[in-house]
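A.B. asks: Just passing along the structure, written as C-alpha cells.
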Amino acid sequence: MVGARVAGEASARGHRVLALSRKPPASDDPEVTPVAVDATDPYAVQEALTGADAVVLTVRTFPADPEFLVGATRTVLDAAARLGIRVLVIGGAGALRSPGDRELPVAQNPRTCPTSTAPWPWRASPSCTSARPTPGPTGSI
C-alpha cells in the first residue's frame, strides 16, 4: 500500500516514522513504529500526532466510502492544524473524477493533465497523473 511505501522511504531518508493505521502491521524497521488509531476519532488522532513534525495522509477505502474518507481526512487535518503540523495528503487509490464532470477521470482531463505539457508516460499512467501537481491560485505549485 501507499502508506507502507511512504513510511519505508521516509525511514530510508533518516526519519523516524509513526505508522498510524486501524490495524497496523508489525514493522521490521526500527525507525518505523506502528500505532493503532481510529482516523475518525479526533482525540485519538491528536494524541497520536502530538510531537510529530509532519503528517503524510494516505487513507483509502475499498470499496470507496466518501463519507469515511472526508471524515477521516477532516479529523487528521483538524488535529494537525491544532498542533501546527504540516500535512501532505496523497489520494488517488480509486477512480478520481473531474470536478464538474463526474464521468471524466482526472487522468483523462486535459485541464489536469494537458497533453502539451505532460510527457507521454505521465499522461498514460492514471495513478501518476491523478497525483500531478496543478498550479494554485497564484500560479505556484
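A.B. asks: Would you mind computing, in nm to one decimal, how far apart the modelled labels at residue 74 and residue 33 are, each placed 7 Å from Cα along Cα→Cβ?
C.D. replies: The two pseudo-label positions are separated by 3.0 nm.
A.B. asks: Also, quick follow-up: Read phi for every residue in the range 16-30 and hand back ³J(HN,Hα) as whole Hz from Karplus 6.51 cos²θ - 1.76 cosθ + 1.60, θ = phi - 60°, with x for Gly and Pro.
C.D. replies: Coupling constants for the range 16-30: 7, 10, 9, 9, 8, 6, 4, 10, x, x, 5, 10, 7, 8, x Hz.
A.B. asks: Between beta-carbons, use under 15 Å as the cut-off and find the net charge around residue 66, counting Lys and Arg +1, Asp and Glu -1.
C.D. replies: +2
A.B. asks: Say each of residue 43 and residue 82 gets a label point 7 Å from the Cα, pointing the same way as Cα to Cβ; how far apart are those two points in nm?
C.D. replies: Going from the residue 43 label point to the residue 82 one covers 1.0 nm.
A.B. asks: Hey, can you grab everything whose amide H is under 5 Å from the amide H of residue 98? Only 5+ residues off in sequence or another chain; H modelled, so Pro and N-termini drop out.
C.D. replies: For residue 98, whose amide H was placed from the backbone, the distant partners under 5 Å are 104, 106.
A.B. asks: If amide hydrogens are placed 1.01 Å from N in the peptide plane, which non-local residues have theirs closer than 5 Å to the one on residue 37?
C.D. replies: Residues meeting the amide H criterion: 21, 22.
A.B. asks: Amide H neighbours of residue 56 under 5 Å, at least 5 residues apart or on other chains, H built in the peptide plane: list them.
C.D. replies: Amide H neighbours of residue 56: 88.
A.B. asks: Short version: ³J(HN,Hα) in whole Hz for each residue of the range 84-89, in order, from phi by Karplus 6.51 cos²θ - 1.76 cosθ + 1.60 (θ = phi - 60°), x for Gly and Pro, what are they?
C.D. replies: x, 9, 5, 10, 10, 9
Each reported figure results from applying straightforward, stated rules to the coordinates on display, with no laboratory input. All values reported here derive from a predicted model rather than from experimental measurement. Here the Cβ is made from the backbone with ideal geometry for all residues, glycine too, and neighbour counts use every protein chain on show.
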